[in-house]
Amino acid sequence: MKKTISIVLLILVFFIIYFIQSNFFTWFTIAGIEPNLFVIFVLFIGLFAGKKLGLILGIIFGFYIDVIMGRQIGISGIMLGVVGLLGEYLDKSFSKESRLTIMLMMAGSTIIYEVGCYIFNIITLGVSVEIISFIKILLIEVLYNLIIAIIIYPLIQKMGHALEEVFKSRNILTRYF
Amino acid sequence: MYKNKKRGIIGIVITIVILILLVVFTNSNVNQMSYIENICNIFVMPIQNGFTYLKNKLSGNDTFFADMDTLKQENESLKQKNSELEQSLRELEVIKSENETLKEYLNLKEKYQDYTTIPADVINRDISNYSSTIVINVGSDDGIKEDMTVIADSGLVGHVISVTSNTAKVQTIVDTATAVTSTISTTEDTIIVQGTLDDKTTLKATFIPTDAVVLEGDSVETSGIGGIYPKGIHIGTIKEVINTSNITDRYAIVETAVNFNKLNTVLVITN
């Protein structure tokens, strides 16, 4: 029951993030570059609720974004699924209690997501390869995501622990003792 | 032991499902997904419409504070311009009728086709940094179909890539996946203009013929080759010609006539 409510809440949060991204961040940009809140959100789910939910919700959210705005359906779905899956493996290797590791995880997953999407686009849509421009945009985007991660870190911690209690309550004991 | 075996089977099943999904998605036509798109749009678009309305209202208010004097001056110059335009219009009308009679004499059946257009508002912009698509508030209910050309008052915007009952997704010409075959209006040389990641107001013109003379300020328009865009729609002007050591590699930067950062209303050509 608690799990169902949590999942419904997560979906609701996704829609709120969608509206923030498409209305607020399309003009609140760094040199015309928007952040990618979806990567942060899906990584958050993967980190605190486990890879299963991270993968499934990542694929659903990515698919939704593709249907609404994308040129090709499926690319964001696959890559956000990968980010969700990554969450659990990062959780096993690093501590979530440190702000720095959370920031590095956010940066890493943003890079993986965007590079993956770009490679898919080059293969499927015949986009011309512009590596220097791509890196320039990517660096700004990563920086933007880092800034957002710093800002919402307390929220991530609070919501994350609540989420972890619902989804991983049995694992905590075996992990720490 | 048993657990590992079970895990292995699950892994294989997941791999197969991913493979099937990959095949389905990469081969499927976006338009076939329109029923899913319809359902997805139900959650987002009504609220998005509201936000756009609010935004337009807020930005529209700025004009109230415009200086009266400049308005008067503008009015004067516009009146003058209007009379000049009216005069040239009359002249053109005369030429047009003359042209038509001449064409009839020549037994030419085809006349200049006037485009019929449907106006639309931009209700959603791309949320990715690497692509440039927009969503407009007209759809198949208004007679919009895939591959229709979208223009703004000053020039070409792009083409429709998918349609739902009351929205349509438009891939703009500044998108990196778009390439438009176009001509330089003064010399009639064919070039290809493509969107770049660098800038959302410029295009890169490539495949310039080696004997072509390209000058800054030349107008670029669609050539009609390729089947999507009709002939003669203004795209932009050449801003800069970049010469490389090899003349076949030279390219030009084209500044788009449409300002994509401030694009609010567009027209869809339906015939």
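The values are calculated or read from the model by the stated rules, or taken from the named source; none is laboratory data. Predicted, not measured: the structure shown is a model, and the values here were computed from it. Cβ placement follows ideal geometry from the backbone for every residue including glycine, while neighbour counts extend to all protein chains displayed.
Between a first residue in segment A:125-136 that is more than 9 Å from chain B (Cβ to nearest Cβ) and without any contact (Cβ under 8 Å) to a residue 12 or more places away in the chain and a second residue that is exposed (fewer than 15 other Cβ atoms within 10 Å of the Cβ) and among the acidic types (Asp, Glu), which pairs have beta carbons less than 6 Å apart while being 6 or more apart in sequence or on different chains?
none
Check segment B:123-135 and report whether any residue there is without any contact (Cβ under 8 Å) to a residue 12 or more places away in the chain, in the same structural domain as B:THR178 (by TED's automatic domain parsing) and hydrophobic (A, V, I, L, M, F, W, C).
Checking segment B:123-135: at least one residue is without any contact (Cβ under 8 Å) to a residue 12 or more places away in the chain, in the same structural domain as B:THR178 (by TED's automatic domain parsing) and hydrophobic (A, V, I, L, M, F, W, C).
Quick one: which of B:ALA212, B:ALA205 is closer than 28 Å to A:ILE30 by Cα and either of a type outside the set (Ser, Thr, Tyr) or assigned to a strand (DSSP E or B) (or both)?
B:ALA205
Kindly indicate whether B:ILE161 is under 23 Å from B:VAL213 (Cβ atoms) and in contact (Cβ under 8 Å) with a residue 40 or more places away in the chain.
no
Out of the residues in segment A:59-73 that are within 7 Å of chain B (Cβ to nearest Cβ) and under 15 Å from B:ASP175 (Cβ atoms), state the one that is surrounded by the fewest Cβ atoms within 10 Å (Cβ to Cβ).
Restricting to residues being within 7 Å of chain B (Cβ to nearest Cβ) and under 15 Å from B:ASP175 (Cβ atoms), the top hit is A:MET69.
Which of the residues spanning segment B:111-170 are within 20 Å of B:ASN261 (Cβ to Cβ) and among the basic types (Lys, Arg)?
B:ARG125, B:LYS169
Just give me the residues in segment B:146-176 being farther than 17 Å from B:GLY226 by Cβ and of a type in the set (D, E, K, R), in sequence order.
Passing the criteria: B:ASP153, B:LYS169.
The rows are residues; the columns are (1) of a type in the set (S, T, N, Q); (2) more than 9 Å from every other protein chain (Cβ to nearest Cβ); (3) on the phi < 0 side of the Ramachandran plot.
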position	(1), (2), (3)
A:THR4	yes, yes, yes
A:GLY32	no, no, no
A:GLY50	no, yes, no
A:GLY54	no, yes, yes
A:LEU100	no, yes, yes
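So which of B:VAL254, B:VAL241 ends up being part of a strand (DSSP E or B) and in contact with an Asp or Glu (Cβ under 7 Å, 6 or more places away or on another chain)?
B:VAL241
Given the conditions (1) modelled with pLDDT of 75 or more; (2) assigned to a helix (DSSP H, G or I), report the number of the one that B:LYS103 does not fulfil.
Of (1) modelled with pLDDT of 75 or more; (2) assigned to a helix (DSSP H, G or I), only one is false for B:LYS103: (1).
Check every one of the strands (runs of 3 or more DSSP E) wholly within segment B:127-201 and list those with 2 or more residues that are within 14 Å of another protein chain (Cβ to nearest Cβ), of a type in the set (Gly, Ala, Ser) and surrounded by 23 or more Cβ atoms within 10 Å (Cβ to Cβ).
B:156-163
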